[in-house]
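Below: one structure, written as structure tokens.
The values are calculated or read from the model by the stated rules, or taken from the named source; none is laboratory data. Treat the numbers as computed from the prediction; the structure is a model and nothing was measured. Cβ: placed from backbone, ideal geometry, glycine included. Neighbour counts: every protein chain shown. Side chains are part of the model used for accessible areas, which takes the heavy atoms of the whole protein and leaves out ligands, DNA and RNA. Shrake-Rupley method; radii C 1.70, N 1.55, O 1.52, S 1.80 Å.
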Amino acid sequence: MDWSKNKIKEFQKDLLSWYDANKKPLPWRQTTEPYKIWISEIMSQQTQVETVIPYFERFMKKYPTVESLAQADDTELLKLWEGLGYYSRARNLKIAAQEVVNEYNGKFPDNLKEILSLRGIGPYTAAAIASISFDLAEPAIDGNLMRVTSRIFELECDISKSSSRKIFDEHLRTLVSKKRPGDFNQGLMDLGSLVCSPKKPKCETCPLNKYCGAVADGKQLNYPVKTKKLKQKELYYTAFALENSLGEYYLEKRPSKGLLADMWTFPLTELSSVDFEKIITDGAISKNITMPELPESISKMEYFGNFTHIFSHQKWHIVLIKVKAEEKFEIADELLTADKKWVYYDSKKLGENVVNLNQDLSKISRLKLPLSGPQVKMFELLDKKI
DNA sequence: TATACGTGGGA
DNA sequence: TTCCCAAGTAT
């Protein structure tokens, strides 16, 4: 970094003026309250802002304070997060809220080191909160800042490698405004998404084009340097939609670790791609496909349909099998643990599933279970929506 | 350091 | 259809 002090000042001024005139009106930009900034930053990780807004509004209504979040019901919290993805964010949020309540007396820590120590908060989020809420001159290095910075300085380092962070930190640390660090960071983020976009950057109207090495060389699209992602692993599953005589479906809670942790789903069993093809072509279900834990006497299985669900790292091909229980069939009570429930599902209120505890209609609970992405698609398929 | 971890939108 | 992208973190 060989920019003069004067050039840095001009850069800050040009960016902040642009930000003042063009910043996105976001719900969490009406405050610098660390709790709200924190929640908005966690929700925004790897997620588009437009998607976040309604989730943020609902979240603030339900958990207005760090204390309320620290005491949140796990299932309700996950239900609120349903559809946002990366569900460990929600779990970590509650853990961090408890840390704030217990270790910081409910007051959000005001220095980078302590903010960074909170569960689920990494270098980006810590710097974002520190700069926006506490005016600390920390560069909040996210994908936008890396793209913008790599173009300005024509940096050849691969932004998908964690070791590159240091390079961006060194450059940005000299640039960040000490007067308005939060606006500086958010200005660069908005610029990255509105102007300095990945595919078609609007360099002609960019307030920073005169500082940009890539513009000078006409090499905007050469930056940032980024290695390609690997393809998703393909997996094949049968899903069993078991319905009892009351019209309820049988759901299980997924394990507390790994993919879609603690989300609810029909029982799934993995199968080979060969068996998968066999079922979807002729609808024949071979004898070795059985639903776990259930007696085969009750199973009258019927192929219902199939669909695909794509995660960031896996591609699921799912065959949905409808299992109609006999008139008097009921799953033995001992099998109905806290992780296995009969659920009444009203297709007219997607996601408004109601749990019928103890199979007693008079004791219907209003508890709503968080459904995994594939599970929502399964209910939609049963409704013939897809 | 590389990989696991979701979902929806746009070209 | 397929691929890339979007305010990253934990391990």
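Just to be sure I understand: if I project the alpha-carbon convex hull of chain A onto a plane and average over all orientations, what area do I get in nm²? Show your work: numbers first, answer last.
Numbers: hull surface 91.3 nm².
Mean orientational projected area (chain A, Cα hull): 22.8 nm².
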Using a simple spin-label model with points 7 Å from Cα along the Cα→Cβ vector, what separation in nm is obtained for A:W3 and A:T227?
-> 3.0
Simple SL model, points at 7 angstrom along Cα→Cβ for A:T290 and A:D217; separation in nm is 6.5
Within a Gaussian network of chain A (alpha carbon springs, distance under 10 Å), most fluctuating of A:M43, A:M60, A:M189 | A:M60
Kindly flag which residue pairs out of A:K233/A:K278; A:K226/A:K257; A:K179/A:K199; A:K257/A:K315 have an alpha-carbon separation exceeding 22 Å in this structure.
-> A:K226/A:K257; A:K179/A:K199
Pop the C-beta distance of A:R29 and A:S197 into the FRET formula with R0 = 35 Å and round what comes out to the nearest 0.05.
-> 0.95
For every other residue with a beta carbon closer than 14 angstrom to the beta carbon of A:N92, add +1 if it is Lys or Arg and -1 if Asp or Glu, then tell me the sum.
-> +1
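Expressed in nm to one decimal, what extension gain is obtained for the pair A:R89 and A:R165 from 0.36 nm per residue of sequence separation less their Cα-Cα distance? Don't skip to the answer; put the middle values down first.
Working: separation 76, 0.36 × 76 = 27.36 nm, distance 2.19 nm.
Additional length available on full extension: 25.2 nm.
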For chain A, percent of DSSP beta bridges that are antiparallel (nearest 5) comes out at 65
Which whole-Hz couplings ³J(HN,Hα) result when phi for each residue of the stretch A:209-216 is put into the Karplus expression 6.51 cos²θ - 1.76 cosθ + 1.60, θ = phi - 60°, listed in order with x for Gly and Pro?
-> 4, 6, 9, 8, x, 5, 5, 4
What does the helix-only formula give at 222 nm for chain A: each DSSP H stretch with n ≥ 4 adding -39500 (n - 2.57), the total divided by the residues, and the result rounded to the nearest 500 deg cm²/dmol?
-> -12000 deg cm²/dmol
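What's the carbon and sulfur percent of chain A's accessible surface, probe 1.4 angstrom, rounded to a whole number? Display every interim value, and only then the final one.
Numbers: 9980 of 19910 Å².
In chain A, the share of accessible area belonging to carbon and sulfur is 50 percent.
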Under 16 Å Cα-Cα from A:K23, which aspartates and glutamates qualify once same-chain neighbours fewer than 8 residues away are excluded?
-> A:D14, A:E50, A:D183, A:D190
Of A:P54, A:S177, A:N105, which is farthest along the charge dipole of the stretch A:5-222 in the positive direction, counting Lys and Arg as +1 and Asp and Glu as -1 at C-beta?
-> A:S177
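If a helix is a whole DSSP H run, which ones in chain A reach 18 Å or further along their own axis (Cα) and hold a mean Kyte-Doolittle hydropathy of at least -0.5?
Values: long enough: A:5-22 (25 Å, -1.27); A:49-62 (20 Å, -0.18); A:88-103 (22 Å, -0.57); A:181-194 (19 Å, -0.11).
Helices meeting the criterion: A:49-62, A:181-194.
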Looking at the stretch A:191-270, which trypsin sites (Lys or Arg not before Pro) are in a loop (DSSP not H, G, I, E or B) and have at most 10 other Cβ atoms within 10 Å?
-> A:K199, A:K228, A:K229, A:K231, A:K257
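State to the nearest 20 debye the size of the charge dipole of chain A about its Cα centre, where the only charges are +1 on K and R beta carbons and -1 on D and E beta carbons. Please list the in-between numbers first.
On the way: 57 positive and 52 negative charges, 291 e Å.
The calculation lands at about 1400 debye.
For A:K340 and A:K178 in the same chain, what is the full-extension length gain: residue separation times 0.36 nm, less their Cα-Cα distance, in nm?
Details: separation 162, 0.36 × 162 = 58.32 nm, distance 5.42 nm.
Value of the extension gain: 52.9 nm.
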For the stretch A:1-45, the per residue accessible area (1.4 Å probe, Å²) is 54
Projecting the Cα atoms of A:G187, A:L15, A:A137 onto the charge dipole of the stretch A:5-222, where Lys and Arg contribute +1 and Asp and Glu -1 at Cβ, the residue farthest towards the positive end is A:L15
Rounded to the nearest 10 Å², the accessible area of A:C196 using a 1.4 Å probe with every protein chain kept is 20
Of A:T281, A:T174, A:T31, which is the most mobile in a GNM of chain A whose springs link Cα atoms less than 10 angstrom apart?
-> A:T281
A:D383 and A:N22 label points (each 7 Å along its Cα→Cβ direction) are spaced in nm at 4.1
